[in-house]
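Throughout, read-outs are computed from the coordinates displayed, never taken from laboratory work. Treat the numbers as computed from the prediction; the structure is a model and nothing was measured. Cβ placement follows ideal geometry from the backbone for every residue including glycine, while neighbour counts extend to all protein chains displayed.
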Amino acid sequence: MIVFKYSIIIFVTFLFQMWTSEFFTLGTIDPDFCLIVLLYISIRYGGLVGTLFGFFIGLFIDLSSGTNQFFGLTPLIYTTTGYFSSFLKGENERLNKLYFTSLWIIIILCQFLIFSLIVYQQLLLESPVQFLIKWLATSLYTLLFAGILQFMIPIYKISR
């Protein structure tokens, strides 16, 4: 039953990502809703569920893309993000809310940095400033949607 529940969540998240990606795209920058859902699930349910959810949603994304040059990168990045986000489970009561929020923002920024270093490595060599703008724009665009979601369902409340 649990496997079925998370399979449905993965499928719905993936469909929402594919359905809204063209609608919310700004040039070549689009938000990563799967990452936001992964963050919520990892903080709520812990390491095993977050890591497995990250791997399977990443694998689902890689398998759905037609010509994926970096096959396996998305599951790897999402798995590590799910793992590191799970360390925040239950920490909202012990940590200051500002510090707690800063930690999950840093996790997202690091996830996008690693992804950008691999995918946009040519851009990094040609123009480091454009690479920095691309990395920050993609990260901040996803963080904007995560911030909007914070008003409805704050992350620090779900980890209780």
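Modelled label positions at LEU15 and ILE148, each set 7 Å beyond Cα in the direction of Cβ, lie 2.1 nm from each other. Cross-link partners for LYS89 among the lysines, with Cα-Cα distance under 24 Å and sequence neighbours closer than 8 places in the same chain left out: LYS5, LYS97, LYS157.
Based on Cα contacts under 8 Å between residues 6+ apart, region 2-158 shows a relative contact order of 24 percent. Entry note, the chain: the mean residue ellipticity at 222 nm calculated from DSSP H runs of n ≥ 4, each adding -39500 (n - 2.57), is -26000 deg cm²/dmol after division by the residues and rounding to the nearest 500.
Residue order for PHE56, PHE145, fewest other beta carbons within 10 angstrom first, comes to PHE145, PHE56.
Placing pseudo-labels 7 Å out from each Cα toward the beta carbon at LYS97 and ILE118 gives an inter-label distance of 3.6 nm.
One chain, two ends: LEU26 and LEU132. Fully extended at 0.36 nm per residue, the span grows by 36.5 nm beyond their Cα-Cα distance. With respect to the chain, whose longest principal axis is taken over its alpha-carbon atoms, helix 2-24 is tilted by about 40°. Extension gain for the segment PHE71 to TYR6, taken as residue separation times 0.36 nm less the Cα-Cα distance, is 21.1 nm to one decimal. Listed by Cβ neighbour count within 10 Å, with the fewest neighbours leading, MET152, MET18 appear as MET152, MET18. Scattering from region 2-158 was approximated by placing one identical point on each alpha carbon and applying the Debye formula without solvent; log10 I(q)/I(0) at 0.11, 0.14, 0.19 1/Å stands at -0.42, -0.70, -1.29.
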